[in-house]
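The values are calculated or read from the model by the stated rules, or taken from the named source; none is laboratory data. Just so we're clear, the structure is a prediction, and the values are computed from it rather than from any experiment. Here the Cβ positions follow ideal geometry from the backbone for every residue, glycine too, while neighbour counts run over all protein chains shown.
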Amino acid sequence: MTQSYKIGIIGFGTVGQGIAEILHLKRKSLEETYGFRFQVVGIADPVKGMVYNPEGLDLAKALEAARSGTRLEDLGIGEAGWDSLKLIREGALDILLEITPTNLQTGGPGLTHLREALSRGIHVATTNKGPIALAYPELKALADQHGAILKFEGTVLSGTPVFNLRAYGLPAASIREIRGIVNGTTNYILTQMAQGKSYEEALKEAQAKGYAETDPTADVEGHDALAKAVILANVILGGSLHPDQVPCTGITGITLEDVQTAQQEGKKWKLIARAWVEDGTVKAEVRPQKIGPEDPLYAIDGVMNAVAFETDVLGSVTIVGPGAGSWEAGYALLSDMIEIHRILQTRR
Ligand code: HSE
């Protein structure tokens, strides 16, 4: 059955533009294949601009403006005078795409946006790691209380399926441990160091290629991987961990000599995020580990990410794929929206 959704986008940076491009390109096939029709009625971004049009914004024009540096208000495609909270409170949204930058200390504006939307019964798809790492149990309860659906596939491995893989590819399997290379920047640096580059040179390259967070400390000190380990632990293993409770070591202590010694031993240093159940308690950690070719994560080089599930019925199952990028993370939001649509169809 075809259903039409009014969508609001908060955050129109790299990922916000990525999902807008994908939506624009796939509009026809989404309707034909899934019965998913949509209008993007509002976009709010402090840099790109904030506009609202209840009949739907012209996405091609909005994208063109974002690329050329024209503010959205100056395009004549919608009303000015809107902001993110007004969009949630007064925009008559069915689905909010929350794509503001991650803040792992406070949850940032994203946490406020999610609380505001879910408490109004607005379904949410987000790539923002802060709110999910810091407040998943609260946000899930809020969503359930108000009949809203909360999706966040893009918080771990961007559009490469992790939560959907667990839900639909591994139903009823018991998962006792999850290990992953979940940060592209550090994996890129360690891979480059294995090829003889210095840490500083490799980090500069990762920044230039756009893999690193705005402040790369979050990558190299392991905080980004920590957020993802906590999300995996709490969502998939049912934990209630706070990032402060999880031991975390980044890669800044790994020297070129360490990397080369490992190579001579036929091994590699990798930053491993791990979540597991021990004596009925969910635990997590992030630390560099020296691993050999027998490990499913050994072959994951460069900016590539992977997550390995240890299951009771299948043994180890590993998914490998991109963990960041405009379309890569944008696609996570699309898969979340289709999932929201599917769930809503079953409710009707
Ligand atoms: N800075 C992150 C990474 C981006 O390098 O993987 C995706 O969360």
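Values computed for the structure shown
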| quantity | calculated |
| --- | --- |
| Only one of Gly76, Gly91, Gly69 that is surrounded by 13 or more Cβ atoms within 10 Å (Cβ to Cβ), of a type in the set (Gly, Ala, Ser) and in the same structural domain as Ala148 (by TED's automatic domain parsing) | Gly91 |
| Restricting the stretch 259-275 to residues that are outside any loop (DSSP other than H, G, I, E, B) and among the charged types (D, E, K, R), the residue that is surrounded by the fewest Cβ atoms within 10 Å (Cβ to Cβ) | Arg274 |
| Lone unmet requirement of (1) crowded, with 24+ Cβ neighbours inside 10 Å; (2) within 12 Å of Ile236 (Cβ to Cβ) for Phe163 | (1) |
| Set Arg166, Arg179: member being in a strand (DSSP E or B), touching a residue at least 60 places away in the same chain (Cβ under 8 Å), more than 13 Å from the ligand (Cβ to nearest atom) and among the charged types (D, E, K, R) | Arg179 |
| Search result, residues across the stretch 144-159 that are surrounded by fewer than 23 Cβ atoms within 10 Å (Cβ to Cβ) and either farther than 18 Å from Gly110 by Cβ or out of contact with any His (no Cβ under 8 Å at 6 or more places or on another chain) (or both) | Asp144, Gln145, His146, Gly147 |
| Residues located in the stretch 276-320, provided they are at positive phi and either touching a residue at least 40 places away in the same chain (Cβ under 8 Å) or part of a strand (DSSP E or B) (or both) | Gly302, Gly315 |
| Matching residues, the stretch 58-111, being more than 16 Å from the ligand (Cβ to nearest atom) and polar (S, T, N, Q) | Ser68, Thr70, Ser84, Gln105, Thr106 |
| Conditions (1) under 22 Å from Gly8 (Cα atoms); (2) within 17 Å of the chain's Cα centre (by Cα); (3) not charged (D, E, K, R); number of the one not met by Gly147 | (2) |
| Any hit, the stretch 243-252, residues being away from the ligand (no atom under 16 Å from the Cβ) and hydroxyl-bearing (Ser, Thr, Tyr) | yes |
| Where Ser119 falls short, out of the listed (1) away from the ligand (no atom under 16 Å from the Cβ); (2) modelled with pLDDT under 95; (3) among the polar types (S, T, N, Q) | (2) |
| Unique residue being within 9 Å of the ligand (Cβ to nearest atom) and outside any helix (DSSP H, G or I) when the list is Ala218, Ala212 | Ala212 |
| Every pair of residues 6+ apart whose Cβ atoms lie under 7 Å, when the first sits in the stretch 198-221 and is of a type in the set (Gly, Ala, Ser) while the second is more than 10 Å from the ligand (Cβ to nearest atom) | Ser198/Leu256; Ala202/Gln192; Ala202/Met193; Ala218/Leu104 |
| Options Glu31, Glu55; residue that is of a type outside the set (S, T, N, Q), surrounded by fewer than 16 Cβ atoms within 10 Å (Cβ to Cβ) and assigned to a helix (DSSP H, G or I) | Glu31 |
| Filtered residues of the stretch 96-133 (kept if part of a helix (DSSP H, G or I) and surrounded by 24 or more Cβ atoms within 10 Å (Cβ to Cβ)) | Gly110, His113, Leu114, Ala117, Leu118, Lys129, Gly130, Pro131, Ile132, Ala133 |
| Residues of the stretch 117-132 satisfying the condition of being closer than 17 Å to Leu334 by Cα and of a type in the set (Val, Ile, Thr) | Ile122, Val124, Thr126, Thr127 |
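Conditions tested, residue by residue: (1) at pLDDT 95 or above; (2) within 16 Å of the ligand (Cβ to nearest atom); (3) assigned to a helix (DSSP H, G or I); (4) among the small types (Gly, Ala, Ser).
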site	(1), (2), (3), (4)
Gly154	yes, yes, yes, yes
Leu157	yes, yes, no, no
Pro171	yes, no, no, no
Asn187	yes, yes, yes, no
